[in-house]
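The structure appears below as structure tokens.
The values are calculated or read from the model by the stated rules, or taken from the named source; none is laboratory data. This is a predicted model, so every value here is computed, not measured. Backbone-built Cβ (ideal geometry, glycine too); neighbour counts: all protein chains shown.
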Amino acid sequence: MALWCENMSLPPRVLVAPRPSGANGQGNILLLRHPKLEEETQYLFTDGQLHEFNWFKERYGSWFLGDYVCEDGSVYYCTLVDPIFILLPLFEAARMSNGKDLGKFRQLDEILYIEGYPGYQ
Amino acid sequence: MEQATPPAAAGIDLSPAATDLGRVHLLPCGIRHNSAAAVSDYFKPRDTGVEVDGVKVEEAFFRGRNLQGATVALPDGYRGSVLEKKKNEEKDAQGMDEEASNFVSRAEFQNITYWNHDTMPSAEDPLPRCFHWLAIANAMHKPVTAEDMANMSARQNQNS
């Protein structure tokens, strides 16, 4: 029988993600503002690169994971995202331009300090 | 160099220490159950010999229903993981952020077999189509290297 699933307190989740280049697969989940939706969105920072989470789920679906049955048939998948997409709206807002005024130069750490989003640091 | 992480940071550990799962099946029905089960003893897929658009069709039965399926390999550079959400007890004890979610990879897989109930598998099925994005995202978002730039400008010079 499957040993990997022993003592699992919560149902597992299925994730497809880029294979880490080194032995250390530790990644951080960052809460950043989605560039279009402007909502809090989770991103994965690992291997020196930023990834976004996508979610695939069909109306009915369940998993057979080896010798394990998992009710939730959805799959999360992580794909690269160019940080410029995330940062451009911040830079745009940070200029504080209005009308004919082209805006100001500001310090980087000031630009990246967003209320409620420690993830940018 | 180790990067300092804030104490409440959420994380995912995808270190390749986990078990290889062998086969992973996505079934076209809901099963209200989460636990170990003798799947490989009772769920026996077999090749039908039929091929649709280069997709090899497999056949299996679940509760007397005939399922038709196909296996999709994850694109190069990707890996599938089964994650367990870790409760962070030390943090809870200190009354700190309990929201922080930490996931650890328990097992891995390299391909997924998805099963259709009424239709033959084809390249137009939702799962293979969804996996197109994995390749597209890489093309769109991968950092451009100096080499890429050199190749590009060389090609442009040729055309002009």
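General observations
- Every residue from segment A:3-29 that is buried (at least 20 other Cβ atoms within 10 Å of the Cβ) and touching a residue at least 40 places away in the same chain (Cβ under 8 Å): A:Trp4, A:Cys5, A:Pro12, A:Val14, A:Leu15, A:Val16, A:Ala17, A:Pro18
- Segment B:112-149 - residue that is among the aliphatic types (A, V, I, L, M) and closer than 14 Å to B:Val55 by Cβ and, of those, farthest from the chain's Cα centre (by Cα): B:Met120
- Given (1) closer than 15 Å to B:Leu127 by Cβ; (2) facing another protein chain (nearest Cβ under 7 Å), index of the condition A:Lys57 fails: (2)
- Just one of the listed residues (A:Asp67, A:Asp101, A:Asp82, A:Asp72) is under 19 Å from A:Leu31 (Cβ atoms) and among the charged types (D, E, K, R), and it is A:Asp82.
- Condition check for A:Thr79: among the β-branched types (Val, Ile, Thr) and at the interface with chain B (Cβ under 8 Å from one of its Cβ atoms): yes
- Filter result (in contact with a strand residue (DSSP E or B) (Cβ under 9 Å, 6 or more places away or on another chain) and surrounded by fewer than 18 Cβ atoms within 10 Å (Cβ to Cβ)) within segment B:61-74: B:Phe61, B:Phe62, B:Asn66, B:Thr71, B:Ala73
- Within segment B:137-159, the set of residues being of a type in the set (Lys, Arg) and at pLDDT below 85 comprises B:Lys142 only.
- Residues in segment A:50-57 include at least one that is outside any strand (DSSP E or B) and at pLDDT 90 or above.
- Here A:Leu37 clears all of (1) more than 7 Å from chain B (Cβ to nearest Cβ); (2) touching a residue at least 12 places away in the same chain (Cβ under 8 Å) except the condition numbered (2).
- Criterion: more than 26 Å from B:Pro143 (Cα to Cα) and among the aliphatic types (A, V, I, L, M) - qualifying residue of A:Val69, A:Val81: A:Val69
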